[in-house]
Amino acid sequence: MVKLNDDVRNLVANIKIFPFATASKAGEPNVAPIGLLVLQQDGETVWIVDNFMNKTLANLKENPNASFYVWNPEFPDSYQIKGTVTVENSGQDYEKAVQLAHARKETLPAKNLLKFRITEVFYTTPGPKAGTRV
């Protein structure tokens with residue numbers, strides 16, 4: 001696993017919507033806006049609450065690899081974060097995820113918890129470091 005540095009953690013904490021990319025087993029891509037993404041204390045895991053995912057969830061069942069992008073015009077750098085996802089819909093962590101969703105909006109269905117384990121982080125800021133591993 002890869003642990004996010006403080007710069008990336010700070011950027012993640014200041015973004016409201018994340019483009020989240022998956023692909024089917026056959027390679028058909030999908031990108032969806034994710035609004036409930038929470039970086040965990042270990043700095044290696046991100047929780048994503050599935051409220052309305054269809055294609056994303058279908059892709060993850062076939063292919064657990066995923067990626068999301070972090071960018072905010074008020075920060076100097078941007079990053080692509082890659083990882084693998086496990087899907088949970090029961091247990092203690094899932095129940096915590098449901099509470100997170102309902103704290104945001106009581107009517108959110110919180111169907112699944114996606115546990116995203118970070119495997120790679122890349123700079124995406126234009127310039128000489130673009131595409132290099134953090």
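Can Pro33 be described as surrounded by fewer than 18 Cβ atoms within 10 Å (Cβ to Cβ) and assigned to a strand (DSSP E or B)? So Pro33 passes the test.
From the set of residues in the range 66-92 that are more than 16 Å from the chain's Cα centre (by Cα) and touching a residue at least 24 places away in the same chain (Cβ under 8 Å), which is nearest to Thr125 (Cα to Cα)?
Going through the qualifying residues, I end up with Asp77.
For the range 89-105, state whether one or more residues are at pLDDT 95 or above and touching a helix residue (DSSP H, G or I) at 6+ places or on another chain (Cβ under 9 Å). No, the range 89-105 contains no residue that is at pLDDT 95 or above and touching a helix residue (DSSP H, G or I) at 6+ places or on another chain (Cβ under 9 Å). For the range 93-123, a residue qualifies if it is under 19 Å from Thr45 (Cβ atoms), part of a strand (DSSP E or B) and without any contact (Cβ under 8 Å) to a residue 60 or more places away in the chain, and exactly one does: Phe122. With respect to Phe52, determine if the residue is farther than 17 Å from Lys115 by Cα and not in a strand (DSSP E or B). In short, no.
From the list Leu114, Leu4, the one residue that fits, being modelled with pLDDT under 95 and of a type in the set (A, V, I, L, M), is Leu4.
The values are calculated or read from the model by the stated rules, or taken from the named source; none is laboratory data. Note that the structure is predicted; figures quoted are calculated from it, not measured. In this analysis, Cβ positions are derived from the backbone assuming ideal geometry, glycine residues included, and neighbour counts consider all displayed protein chains.
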